[in-house]
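The values are calculated or read from the model by the stated rules, or taken from the named source; none is laboratory data. Treat the numbers as computed from the prediction; the structure is a model and nothing was measured. When we count neighbours, we look across all protein chains shown, and the Cβ atoms used for this are built from the backbone with ideal geometry, even at glycine.
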Amino acid sequence: MPMTVVGAGVAGLTMALALSQGGADVTVLERGPRLGAASCSRYAGGMLAPWCEAESAEPLVTRLGQEALIYWPQVHPATVQRGSLVLAPARDAPDLERFARRTTDHQRLDAEGIAALEPDLAGRFRAAVFFPKEAHLDPRRALVSLHDTLVARGVEIRFGCDVEMASHAHEMMVDCRGFAAADRLPDLRGVKGEMLILRCPAITFSRPIRLLHPRFPLYVVPRGDGIFMIGATMLESGERHRVTARSVVELLNAAYALHPAFAEAEILEMGADARPTFPDNLPRIRRVGRHVAVNGLFRHGFLLSPALARRAVEFLLHGIEDPEVMDENPRQQRSA
């Protein structure tokens, strides 16, 4: 069965791989000139943290996200599974307690336990919550792994193809365009995230670290060779590329609060993009005419895309619907 996937971000590539593994003849169309050029996947944190996300996300995110911990090591062997560490300054200890109450599958650590996991944090924090089963990856390298796997399976990926979905209304296509799909999904909104990539050889972390802060919570994800991804802001905006001075200052201040050595870090890159999000912050597999849209992954692109792709394939190839993630286009519902 021939299938066309529009969009070569993490949602589109995981979708294409699931379809190919299901026996479909798949073509991927991507508007960007090269892999990752037009996708917010490029600016993702790459944290596979389903239990951490339970602090603010619905239980569905934790359930679906656990599939990513099996999926990514198979597709991207460089996936690192060393857990996630959540910290707070002593004055914000109630925030750490609240985080622990809202989540599961974690361990409490004292100062000695923190130092054993991350020696560079020795003496800096009194308490932490450790999620040992969580993992992380470098999103840009993971996209390359997906791309190479698809090419090896004979999937054609065409770059520089700006597809007008409306002109293909009578074709079966899978729309994985992210926020660009707002032209077809009336309730899709953008939540802007800004990030920094720093080089700081003076610090060695082995796992993602989240610092709870009343004004600007921070996460730091190690990329290896003294390079760290620092993120991320959350602004209700569909603006995709502008990084504000306020956000840079807040991210750097939070990083300095985690470890003063970040004050001497080299800024390698600043980036921003709009995360595609529905009103309830949950993902959707949505029928839009003959098209099927996979969207609304919010800040959980790498975490949720494997589970969404598997469920979309069950619907497309076998007619099996999962009511937790499938719905109809609100525009179609209003006109029915």
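Among the residues of region 30-44, is there at least one that is among the aromatic types (Phe, Trp, Tyr), under 27 Å from Phe179 (Cα atoms) and surrounded by 15 or more Cβ atoms within 10 Å (Cβ to Cβ)? Break it down stepwise before answering.
Of region 30-44, the ones among the aromatic types (Phe, Trp, Tyr) are 43.
Subsequent filtering for residues that are under 27 Å from Phe179 (Cα atoms) retains 43.
Cutting the leftovers down to surrounded by 15 or more Cβ atoms within 10 Å (Cβ to Cβ) gives us 43.
Within region 30-44, one or more residues are among the aromatic types (Phe, Trp, Tyr), under 27 Å from Phe179 (Cα atoms) and surrounded by 15 or more Cβ atoms within 10 Å (Cβ to Cβ).
Name the residues in region 1-29 that are surrounded by 24 or more Cβ atoms within 10 Å (Cβ to Cβ), outside any helix (DSSP H, G or I) and not aliphatic (A, V, I, L, M), would you?
Gly7, Gly9
List the pairs whose first member sits in region 94-123 and is assigned to a helix (DSSP H, G or I), whose second member is among the basic types (Lys, Arg), and whose Cβ atoms are under 6 Å apart, counting only residues at least 6 apart or on separate chains?
From region 94-123, the pairs are Ala111/Arg126.
Pick from Val163, Val144: which is at pLDDT 95 or above and either within 26 Å of Asn281 (Cβ to Cβ) or in the same structural domain as Ala37 (by TED's automatic domain parsing) (or both)?
Val144
All but one of (1) surrounded by fewer than 22 Cβ atoms within 10 Å (Cβ to Cβ); (2) aliphatic (A, V, I, L, M); (3) at pLDDT 95 or above hold for Ala265; which doesn't?
With (1) surrounded by fewer than 22 Cβ atoms within 10 Å (Cβ to Cβ); (2) aliphatic (A, V, I, L, M); (3) at pLDDT 95 or above applied to Ala265, the lone miss is (1).
Report yes if some residue within region 158-172 is surrounded by fewer than 22 Cβ atoms within 10 Å (Cβ to Cβ), among the aliphatic types (A, V, I, L, M), touching a Leu at 6+ places or on another chain (Cβ under 9 Å) and assigned to a loop (DSSP other than H, G, I, E, B); otherwise report no.
Looking for residues that are surrounded by fewer than 22 Cβ atoms within 10 Å (Cβ to Cβ), among the aliphatic types (A, V, I, L, M), touching a Leu at 6+ places or on another chain (Cβ under 9 Å) and assigned to a loop (DSSP other than H, G, I, E, B), one finds at least one in region 158-172, hence yes.
Return the residue satisfying two criteria in turn: it lies in region 205-228 and is touching a Lys or Arg at 6+ places or on another chain (Cβ under 6 Å) and outside any loop (DSSP other than H, G, I, E, B), and of such residues it is modelled with the highest pLDDT.
By that ranking, first place goes to Ile227.
Only one of (1) touching a residue at least 60 places away in the same chain (Cβ under 8 Å); (2) more than 15 Å from Ser145 (Cβ to Cβ) fails for Gly9. Which number is that?
(2)
Return the residue satisfying two criteria in turn: it lies in region 193-204 and is crowded, with 19+ Cβ neighbours inside 10 Å and either touching an Asp or Glu at 6+ places or on another chain (Cβ under 6 Å) or without any contact (Cβ under 8 Å) to a residue 24 or more places away in the chain (or both), and of such residues it is farthest from Leu258 (Cα to Cα).
Selected residue: Ile197.
Could you tell me which residue of region 19-57 is farthest from Leu211 (Cα to Cα), considering only residues that are modelled with pLDDT of 95 or more and polar (S, T, N, Q)?
Step by step, filter region 19-57, then rank; the result is Thr27.
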